[in-house]
Every structure is written in C-alpha cells, then in structure tokens.
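Down below is the structure, laid out as structure tokens.
Read-outs throughout are calculated quantities, based only on the coordinates presented, and are distinct from any laboratory measurement. Bear in mind that the values here come from a model prediction, so they are computed numbers and not experimental data. No Cβ is skipped: glycine too gets one built from the backbone with ideal geometry, and neighbour counts run over all protein chains shown.
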Amino acid sequence: MSDFDLIIIGAGAAGSHAALEAAKAGAKILMLDEQAEAGGQVWRAKSPSIISAPKTPETIAGDKLRSDLKSNNILHIANARVWQIEKNNDDLWNIGYLNNGQLHNATCKAIIAATGAQERVIPVVGAQLPGVIGLAAATALFKQHLTIPGKQTIVAGCGPLLIFTAYEILRLGGKITAIVSLNSKTDWAKASINMMARPDLLLRGAGWLAKIAAARTPIYWQSTITEIIGDTHIDSVNISRVDANWSSVSQGRKTNIKADSLCMGHGLNPAIEATKLADATHIYTPELGGWHVKTDDFGRTDKVGLFAAGDNAGIYGAGAAPYRGKLAAIAVLQFLKLANAENTDRLVARMKSAAKFGLATTKLTVLRAGMIKNTQQTAIICRCETVSRQQLEIEISSGALSPNAIKSGTRCGMGPCGGRYCSDVVALINQTISGKTRQQIGLATHRPPLRPLPISAIAQNFDYDDLPIPAPAPL
Amino acid sequence: MTKNYDIAIIGGGIMGCATALHLAEAGMSVILLEKDDIGQGASGVNAGTLSLQIKRVKLMPYALKGHHEWQKMGDKVGFVKTGGYTLAFNQREAKLLEERMTLKREAGANIEFVSPQILFENEPNISKKVMAVSYCADDGYANSSLTGQYYRNLLNHSSVDYLEQNQIVKIDHSDKGFSVHTESQQYKAKRLLLACGGWMKQAAALLDVDLPIQARVNTVSVTERSPTLISNVIGHATGLLTMKQKANGSILIGGGWQGTGSPNEGRGKVHAQTLIPNIQLAQYALPALSALRIIRSWTGFEANVPDFYPLAGALGNIANAYILGCVRGGFTIGPYISKLMGDYILGNELELPLFNPNRQFTETGK
Ligand SMILES: Cc1cc2nc3c(=O)[nH]c(=O)nc-3n(C[C@H](O)[C@H](O)[C@H](O)COP(=O)(O)OP(=O)(O)OC[C@H]3O[C@@H](n4cnc5c(N)ncnc54)[C@H](O)[C@@H]3O)c2cc1C
Ligand SMILES: Cc1cc2nc3c(=O)[nH]c(=O)nc-3n(C[C@H](O)[C@H](O)[C@H](O)COP(=O)(O)OP(=O)(O)OC[C@H]3O[C@@H](n4cnc5c(N)ncnc54)[C@H](O)[C@@H]3O)c2cc1C
C-alpha cells in the first residue's frame, strides 16, 4: 500500500496544473514544493509583507492557480524540500522531504518531477563580487519582494529575461546604466517571427522595450561583459563587442561603465537533479537548455512510474508548462488505471503551439561556441569551492576527462550547490581541451540529498539503544 | 602486429595502479585497462580512514606497512596523521572495545586505553556519554578524492600504457597468453591481473572462474564546512562509525552502512533507512553536528569473500593469471599489498605472505 497515488515535486506552472488535472479523476495526490506558496518561478507569490502591489498578468494567474489548488482539496505541502528519491522493494517510490525542520517520508506509485529550471551564468573575472546577481535571480527578487538590486544597475546576458529584468527595474523606480545584450537586433527580429505565436506576449515585450527606450537606457547590442571590477563590491564593468560566435573582439580596447550592481545571466538549464537521482535517461539538446530528462509529449520517462513535466524536461517555457503538466497527469492516470485513454490530440497541439514562443526565446539563449573564450584563466568557475578555470584546465589536460574525475581532482562541484551552477561551464571548458561532444562528456553522478540536509532534522528524538547498529565488523 | 605486453591489468583502482607502477619500474611492459576513470571506484570514494583501530588483527602487519606508504605519498593525497579515538557508549561496547583493541595491540598496533577524561580534554566536543575509549597515535586519514589525480599523474610519468573508459568484456587465453577485449579493441599480454574491486566476481567469470564474492555498498556522507569540532579520527567500538574533519572544515562520516544496488546496475544507491541511523550515531558521538547540514551522501562497492580476507595470488589453475582484491581496509593496505603482488608476479621473495585465492572459504561472522 502506498501513501499516495502520485507525488508531484514542484508546484510551478507544470506541477500545479498536473495536480489539478490528476485531482479530476480522484487520484490521491501530494504536491511538494520548497517555496512558501505554489506558483513556481513565473507565478511566484508576493512575500506576505507586501500588502498591495500592482497586478500583472502573472500575479493574477498565480492567485487564481493558488485558489484553484485550495478549492480542489489537493494536498500541497509548502516549504517542503525533497532531498531523496528511492524505489523500494514493493516497486513504490519513496520520497524523503524536509518540512518544518523535520524529516518526512511518503510512498507513491507515480512521481511527476516538475522541478523547473535554474539559471546559467558564464563567469568572467569578478563575477563572484557582491553586487553581481543572476538575471533570473533578480526577477525572483522583484516578484517576491519588490526590491531592486541597486541604484545603478547594468543588465547583461541574453534572451528575454534581459529585457524583462531591465523593464522591471525601471518599473520599480531603479536606474539602468546599460543593457549589454549578446543577441543582436537581427537575432531578436528573427525570434519575433516565431514569437508571433503569442501576439499578446510579443506585444508586452514591445511595451517593455518602449519603456526602456523612453528611459533613454543605452543598449549595447552584440556585446558582453568581459570583466567585473571592484575590491569588495562591484564598481564598474568592462564591455566588449562580440563576433557572431559571441567571442569578444575588443582587442584591448575597453569600454568601462560604472555600476553598483550587475544582473547577468545566460539562459536557463533544466533542473535535472531529481530525475537523475531517480535514474531516468537524460539527453543533451542545446535548443532546450542543455541536459534534460528524456520524455515523450506526455512526460513519460524511461523509468516506470516516473514522469516529468515543465522546464526540467526541456526549456519550452512558461506558456507550455501548464499543458505539459496536464499531459503528464493524463499519462499518470492511465498508468494508475484511474482513467481510460482519451483523445488528447487537441491538448498536445495546444502544448506544441504554446511551446513555439518558449522555444523561440530559448533559442536566443543557446550558447555559441565563442562564449567560453571570454572566461579568463583566473575567473572563478566553482564559487562554492573557489576553483578557477586554470585549475580546471590543468586537471583536464592531465587526462581527467569525465565530470566525476574533474570533480574529484579539483573539488569543483563538491560544495553545497553540488555542481548545479558550474557543471555546464566545466563541460564547455572540457570541450575546448578534449574536443569531445557534450554527450560524450556526460554528467557527474547525482547523489542525495537534493538540497543540503540539516543534521538537526535527522538526529531528533532517537534513542541510542534503538539505533539499528549492525553486527560489528569482522575482527 | 599488436604489441604483446608482459602483463595486462584490468582495473584502475589503487590495487591495479599501484601494481602497474611497481611492475613497470621493474621493467615489465604493462597495459592497464579501466572501464570508467582511474581511481573513481572504491579507491576514489571511500572514507579515507587510515586507522589501525579498524583493521583486522591478521591484516595488521599489512596495515602498518600501508601506513608507511601513505606517509610517503604525503600532501599529494592529503595524508594527515591525526591520532584516533574509538568510543564505547555502554558496557557491551566497552567490553567489545577492550577485547578487540587488546588483540589489535598484540598484533602490533600502537593502541592504548585512555580514560574518557583524557578524551574530553583533547576533544571537548565529543559526547560526555562515552564510557570507554581507546587511542592510537598513528591513526589518520588521506583524501580519497585525490586517488585518481595522484595515480594518473604517476602513470603519465611511467612506461605504463593506460586506457580509461575501456571496459573489458571478454578474455581469451591459451598457452601463449591472454587476449583481453573491449567492445571494439583487443590487447595481448603474457600475464593477466584482475584488480576489479567490487566488480571482481564478474571479471573472474570472464575466465570461467566462480568466486564466492559479494559486493558491499558502503555509504559515506559529508557536511558543509564548519569551525573545528574534532581534531582526531573518531571511531566506534563496533567499527560502524568513522568521522574526521578535513582541512577545509567539512566532516566526513562513514562506517560501512549499507546502501542498495549491485555492481551490475550502476553506482549503487544511498538508502535513507541506513543513512539516517549512520548520521544519528555520528551526532550521538558529536552532538555539535546538529548545527551542520549534510551536503552529499554517496556509496561505493567493496568486495569481500566469506572469510573477509584478501584474494591475492595466482588465479585458479590458469597459468600466469593473478588476482588482487577483496582487501578489507583496502585503502590503507592497498599501496603495500600491491607491491607484494608485484613482487609475487616478478618472482621476488615476499616480505609478507599473500592470500591464496584458491583456498577454502569459511564464514567469518566476527
Ligand atoms: C529564477 C527564474 C526566474 C524566471 N523568471 C521568468 C519570468 O519572469 N518569465 C518567464 O516567462 N519565465 C521565467 N523563467 C522561466 C520559467 O521558470 C519557466 O518557464 C516556468 O516557470 C516553467 O514552469 P515549471 O513548472 O516547469 O517550473 P517552475 O515554475 O520553476 O517550478 C518548479 C518548482 O519546483 C520546485 N522545486 C524544485 N526542486 C525541488 C525540490 N527538490 N524540492 C521541492 N521543490 C522543488 C521549485 O521550488 C519551484 O517552485 C524563470 C526561471 C527562473 C529559474
Ligand atoms: C564507501 C567506502 C568506504 C571505504 N572506507 C575505507 C576506509 O575508510 N579505509 C580503508 O582503508 N578502506 C576503505 N574502504 C575500502 C577501500 O576503498 C577498498 O578496499 C579499495 O579502494 C579497493 O581498491 P581496488 O583497487 O581493489 O578497487 P576499486 O578502487 O573499486 O578499483 C577497481 C576498478 O576496476 C574497474 N573495473 C572493474 N571491472 C572492470 C572491467 N571489466 N574492465 C575494466 N575495468 C574494470 C572499476 O571501474 C574500478 O575503477 C572503503 C570502501 C568503500 C566502498
């Protein structure tokens, strides 16, 4: 007997919609999310300390979603961090999670992993200075706390979050010193053709650009940050033009711009720790954000009882995520024999049409081959363990070619983040030396806990005499 | 004509690498084949404890020699001699400690019994519930993560040909020697050494030798960095806890608690049901652990035969085939027993005897 039919990890757009769909057929569902409220990244709830805030389409949709979840009697546990996923002897999944400082355990027949994405930043010298944050991280600041990163902010990187972040900072009363965009105007023009799939969103984007133009914000197209300067905090940045491969072409000439804060991001990576831990097959698709769990349109992975929906199964974007959640829920209901096969053609078609917009925006963030050349030898790649590009290159050149070997030799990825934020960059550096493809390089072994696990939660209320200490080691 | 090596060594853990280097130094032409990476099996993921107090009595002479080797390897493998305490929390454990440590001392380890008071003076953060303690000044640890880097660098500077990401899937032999096959290549050698760690049973099966080998799935965990909480290696009378604080401040917790999975299916899995009591035991010994978080837990495969003694010598009745593995405490003993193995293959006189793989195996419960 399992505690639940279905456990959904992640209550973002994909997870929440999966829950609503599965609840229709009466499945017994538990939805876990480490955030305080459902909504994920896009529909993030405002911090309760903020009483009134201007409504946006996202906050309205998010509030509706949260109320739907409540009225559907879906068991959603917030502030619940999933740290472990195991298959037990009865072929059920065992999910370990942390809530209110305590460890909990729940079993289920099926899992939908809807863990979303995380930001990718390709670092340069100075990227670890205080005052430098990710683009996506900045959007989380605005959405939840309505705060801005500084008084004079530079926004740099690629893709739509660049424009959105700049717009939000202006809207919240901040000042943007410069926007530094890797993408050229032509890139955007090409992308907007596919973005026509969502004229409403395209129009909103145009509105953001109008606001940016009205504020007379300088935009450096086809340019990148080459260095971040400051002693204890960011003071200024150097920027340079890039070629079509995104490699800097400054040849020593520098444009230096003062700033007290920098938001820099280079697209999103699918958050694959959970599905890796559950042993599903993952594939590398640059147009979908890199490594992602392999699924069909219905979120079925190659592991029995494991489904995935949303950006962790490829960055199709916020528009497609609800449909992907619903489709995964339908597949789960069939798997659980709680529903008969129904005609889902229309839903699949809608998902695919919604994905067009997301794919067009993800495409703007696909890293080009020259990008990694801008990262200096002394740039810090692993922030948890302070490992430089040079240290990595020495290790790789000596023959440590796999992610596990590089990690063991340099400590890169051994810190609290578990390599989530640096593994992509390490692989790019590896490619420049080994010439291998990303598929050949592969991924490091994923290990629990998925999030750091407080020992206070593990070692609560136990009796020494009850510890199941096995027979002593042979003498 | 493909090269006919003097010896092909299968497995690039400590055993395979150290033996390869020893044989190459003696002038043999060596090819080493590793299915994953050098030093990423047990040798690269173990708890790194170089503690005489957890070594088996009969293996003590080998462990003492092994210690000497680690000392020579020094900084490159993060070797530190910290001293070590083994703790007992109740009468039963105190008795076990007394029995076991007395025998280990008689076998040559520099182990003494000390009063809990001495422990508390030297390790003020250890639980005051300790009832009996033993101490060994020679105990310490090395950083197993550096095993791969260490041996790869030595191999690069040696005459050994080594190939990573090359799994041996088939072995032919005739009176002329061996032909070992990967999926796409084959290599010829006059001699063969299996040093396949947790995968030894499968490797021996390639030669139609059936050995009663089982693979244990040992668990290790590490905390985030912390100010100094302990300065010695800490153990438990049963051997089911090892704990040390590394130079960077993180605390490594081991003790051989069993995860799940088998060498046939990937890397083995951490099992919450054994991980949790492992950490509880650690926290019981060191209450201040409660302020820290576990950032990673992992497992590795360690092979053993029913008597828990090594397989080290000639394999079955196949001429010029050898096997080295199933060494309990193999991280500590590895660099030394590999030299012995090399000497055996070279026909040199042995400083200490090896362990006949063709013996009758009897169960050792204790
Ligand atoms: C920081 C950030 C900001 C973004 N901002 C925008 C934006 O402004 N506009 C836009 O269109 N797109 C934005 N994106 C992209 C957007 O996240 C996705 O397109 C969309 O949210 C996908 O929905 P999802 O349900 O797949 O994932 P998400 O909405 O990200 O939901 C995933 C959920 O899983 C939870 N989770 C993950 N792991 C665990 C775990 N181990 N235990 C418990 N819970 C877990 C997370 O807390 C999160 O709530 C952003 C992405 C990021 C990373
Ligand atoms: C988690 C854990 C903790 C431990 N803690 C300690 C400790 O604290 N102190 C201590 O002294 N000992 C400890 N040990 C024991 C010690 O780590 C091992 O005894 C020792 O590392 C074994 O070395 P090895 O070379 O025999 O095996 P391994 O290091 O496993 O090497 C075997 C190699 O053979 C390769 N291989 C296998 N089959 C093939 C094939 N068909 N083709 C090609 N290559 C192949 C594998 O990929 C592997 O790299 C621990 C073990 C584990 C697992």
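One equal scatterer on each Cα of the protein assembly as shown, no solvent, Debye formula: the resulting log10 I(q)/I(0) at q = 0.05, 0.07, 0.11 Å⁻¹ is -0.31, -0.60, -1.29. Neighbour counting of Cβ atoms within 10 Å sorts the residues A:His233, B:His22, fewest neighbours leading, into A:His233, B:His22. Here's how it looks for B:Arg216: its modeled amide H is under 5 Å from those of B:Glu302, B:Ala303, B:Asn304, which are all 5 or more places away or on a different chain. Our estimate of slack between B:Phe113 and B:Gln165, defined as 0.36 nm per intervening residue step minus the Cα-Cα distance, is 14.0 nm. Amide H contacts under 5 Å for A:Leu262: A:Val132, A:Ile133, A:Ile154, restricted to partners 5 or more places along the chain or on a different chain, H placed in the peptide plane at 1.01 Å from N.
Using a/c under 1.5 as the rounded threshold, could you call the range A:121-266 rounded, prolate or oblate? The axes a ≥ b ≥ c are square roots of the C-alpha gyration tensor eigenvalues, and prolate needs a/b larger than b/c, oblate otherwise.
oblate
Here A:Cys412, A:Cys263, A:Cys384 are placed in order of increasing Cβ neighbour count within 10 Å, fewest first, which gives A:Cys384, A:Cys412, A:Cys263.
At an R0 of 22 angstrom, the distance between the Cβ atoms of B:Gln258 and A:Asn88 translates into a FRET efficiency of 0.90.
Distance from the alpha carbon centroid of the range B:114-192 to that of the range A:266-283 works out to 31 angstrom.
With contributions of -39500 (n - 2.57) from each DSSP H run of at least four residues, the per-residue ellipticity at 222 nm computed over chain A stands at -10000 deg cm²/dmol.
Angle check, please: helix A:185-195 long axis (alpha carbons) against the longest principal axis of chain A (alpha carbons), in degrees 0 to 90, nearest 10. Around 30 degrees separate the two axes. Per residue of chain B, the DSSP helices (runs of n ≥ 4 H) give a summed -39500 (n - 2.57) that works out to -8500 deg cm²/dmol at 222 nm. Taken residue by residue and averaged, Cβ atoms of other chains lying within 10 Å of the Cβ of A:80-88 number 3. Remark: the range B:289-298, residue by residue, has Karplus-estimated 3J(HN,Hα) of 4, 4, 7, 10, 10, 7, 9, 7, 10, 8 Hz, where x stands for each Gly or Pro and the curve is 6.51 cos²θ - 1.76 cosθ + 1.60 at θ = phi - 60°. Judged by the ratio a/c of the largest to the smallest principal axis of the C-alpha gyration tensor, the range B:70-117 counts as prolate, that ratio being 1.5 or greater while a/b is larger than b/c. Sorting the segments A:192-200, B:8-16, B:209-217, B:249-257 by their residues' average number of neighbouring beta-carbon atoms within 10 angstrom, most packed first, yields B:8-16, B:249-257, B:209-217, A:192-200. For A:Val387, the residues whose modelled amide H falls within less than 5 Å of its own, excluding neighbours fewer than 5 places apart on the same chain, are A:Ile381, A:Cys382.
Along the range A:388-402 the Karplus relation, 6.51 cos²θ - 1.76 cosθ + 1.60 evaluated at θ = phi - 60°, assigns HN-Hα couplings of 8, 4, 4, 4, 5, 5, 4, 5, 5, 5, 6, x, 7, 9, 8 Hz to successive residues, with x for each Gly and Pro. Inter-chain Cβ neighbour count for A:403-413, averaged per residue, equals 5 (cutoff 10 Å, partner chain atoms only). Summary of packing: across the peptides B:59-66, A:139-146, B:346-353, the per-residue average of other C-beta atoms within 10 Å ranks them, highest first, as B:59-66, A:139-146, B:346-353.
Tell me, in nm to one decimal, what length is gained between A:Lys24 and A:Leu172 on full extension, where the rule is 0.36 nm per residue of separation less the Cα-Cα distance? Intermediate values should be presented prior to the final figure.
Numbers: separation 148, 0.36 × 148 = 53.28 nm, distance 3.99 nm.
Extending this stretch completely gives an extra 49.3 nm.
With a 10 Å cut-off around each Cβ of B:287-298, the average count of Cβ atoms from other chains is 6. What spacing in nm lies between the two simple spin-label points modelled at A:Gln377 and A:Leu467, each 7 Å away from Cα in the Cβ direction? Inter-label distance under the simple model: 4.9 nm. Could you work out how far the C-alpha centroid of the range A:332-361 sits from that of the range B:49-102, in angstrom? With the range A:332-361 and the range B:49-102 each reduced to a Cα centre, they are spaced 59 Å.
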